[in-house]
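Enquirer: Please see the structure below; I have some questions.
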Amino acid sequence: MRVGDDRAKSASMQRLLKEFKNIAFHDGESVDDFAMHINGLVASLAQAWRGNGGQPCGEEDPCAWSPIR
């Protein structure tokens, strides 16, 4: 695996984690749409986590709070 691949995976995981932490219910958004958004984020995080070998993605250890256990 190339160093660039690791950086891309790490950046993707950090972006997903930030989006998950900052998720908010918006005015006019249906509960179903919000639930689909959360489910999509969790699925993407799970895929990124497994693709990273279950390793922390950088400065922050997502194991401390991640919904993926």
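The values are calculated or read from the model by the stated rules, or taken from the named source; none is laboratory data. All of these numbers come straight from a predicted model, not from anything done at the bench. Surface accessibility is based on the protein's heavy atoms, side chains included, excluding ligands, DNA and RNA. Shrake-Rupley method; radii C 1.70, N 1.55, O 1.52, S 1.80 Å.
Enquirer: Restricting to region 1-43, name every residue that is outside any helix (DSSP H, G or I) and hydrophobic (A, V, I, L, M, F, W, C).
Expert: Met1, Ile23, Ala24, Phe25
Enquirer: Does Ala64 qualify as being hydrophobic (A, V, I, L, M, F, W, C), at pLDDT below 60 and open to solvent by 50 Å² or more (accessible area, probe 1.4 Å)?
Expert: Yes.
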